[in-house]
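I have placed the structure first, in the form of structure tokens, so that the comments after it can refer back to it.
The values are calculated or read from the model by the stated rules, or taken from the named source; none is laboratory data. Just so you know, these numbers come straight off a predicted model, no measurement behind them. Here the Cβ is made from the backbone with ideal geometry for all residues, glycine too, and neighbour counts use every protein chain on show.
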Amino acid sequence: MYAVVNTGGKQAKAEVGTIVAVEKLKAEVGESVSLPVIFIADGDSIMATPSELAGASVTAEVLEHFKGEKQIVFKFKKRKGYKRTKGHRQQLTAVRVTDIAVAGGAKPAKAEKAEKPAKAVEAPEAEAPKVEAPVVEAAASSEAAPQTCAATKSDGTACTNKVKEGSKYCGVHAKKYEG
């Protein structure tokens, strides 16, 4: 069974025996505090409406007060020479959840689950062997103009771009080889 509690404007999941860090509470170390509940779940059953949660409570014991990790706040305005750096450490309280009480000992209502569609298992396809691209050589005669670029790329494969009019290279390679 677990509950979601609301404290310090934030929500935290609480189970019996877990230690939760919340914003600083006005309670001494060792005191018992009650946290407001917004949700309770027990397996397939849930309680989430205010009428169901009317008497529900989460009781926790205060373990320590401490500061959280440092958060850096940096402000600047470009081209103005304005830079400000500040740090902030949030005051926190560590509490151990001791009890999750439901009003009148009632059990949470059963949750309605939507049916999940069955997943189709697909067999992995065998990878086809990679075929190397054929190397295109420049045509020896001027009357048979090549349809693809005559250049070869740095990895050894032929360029597959269409040739530029009046050249045997594409627009990418024409500047490099002719110009």
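Please determine, by comparing only the residues of the stretch 46-68 that are acidic (Asp, Glu) and either in a strand (DSSP E or B) or touching a Ser or Thr at 6+ places or on another chain (Cβ under 7 Å) (or both), which one is farthest from Tyr2 (Cα to Cα).
Ranking the candidates gives Glu64 first.
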Quiz item: Just checking, how many residues over the stretch 6-25 are of a type in the set (D, E, K, R) and touching a residue at least 24 places away in the same chain (Cβ under 8 Å)?
Solution: 3
Quiz prompt | Yes/no for Ser167 being modelled with pLDDT under 75 and either in a strand (DSSP E or B) or not charged (D, E, K, R) (or both) | solution = no
Exercise. Could you tell me which numbered condition Ile40 fails, if it satisfies all but one of (1) farther than 14 Å from Val4 by Cα; (2) in contact (Cβ under 8 Å) with a residue 24 or more places away in the chain?
Key: (1)
Quiz item: Of the conditions (1) more than 24 Å from Glu69 (Cα to Cα); (2) in contact with a Phe, Trp or Tyr (Cβ under 7 Å, 6 or more places away or on another chain), Lys13 fails just one. Which one is it?
Solution: (1)
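Has the stretch 34-45 got at least one residue that is in contact with a Phe, Trp or Tyr (Cβ under 7 Å, 6 or more places away or on another chain), of a type outside the set (Ser, Thr, Tyr), surrounded by 12 or more Cβ atoms within 10 Å (Cβ to Cβ) and in a strand (DSSP E or B)? If you could, list the steps in order and put the result at the bottom.
If we filter the stretch 34-45 for residues that are in contact with a Phe, Trp or Tyr (Cβ under 7 Å, 6 or more places away or on another chain), which is where we start, we get 41.
Now narrow it down to the ones that are of a type outside the set (Ser, Thr, Tyr): 41.
Add one more test, that the residue is surrounded by 12 or more Cβ atoms within 10 Å (Cβ to Cβ), and what stays is 41.
Now drop any that are not in a strand (DSSP E or B), which leaves 41.
Within the stretch 34-45, one or more residues are in contact with a Phe, Trp or Tyr (Cβ under 7 Å, 6 or more places away or on another chain), of a type outside the set (Ser, Thr, Tyr), surrounded by 12 or more Cβ atoms within 10 Å (Cβ to Cβ) and in a strand (DSSP E or B).
Can you go through Phe39, Phe66 and tell me which one is within 26 Å of the chain's Cα centre (by Cα) and of a type in the set (Phe, Trp, Tyr)? Break it down stepwise before answering.
Details: Phe66 fails: within 26 Å of the chain's Cα centre (by Cα).
Exactly one of Phe39, Phe66 is within 26 Å of the chain's Cα centre (by Cα) and of a type in the set (Phe, Trp, Tyr), namely Phe39.
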Self-check item: Answer from Ala139, Ala174, Ala151, Ala158 - the residue that is on the phi < 0 side of the Ramachandran plot and at pLDDT below 70
Solution: Ala139
Quiz item: Only one of (1) in contact with a strand residue (DSSP E or B) (Cβ under 6 Å, 6 or more places away or on another chain); (2) closer than 13 Å to Ala3 by Cα; (3) not in a loop (DSSP other than H, G, I, E, B) is not met by Phe74, so which one is it?
Solution: (2)
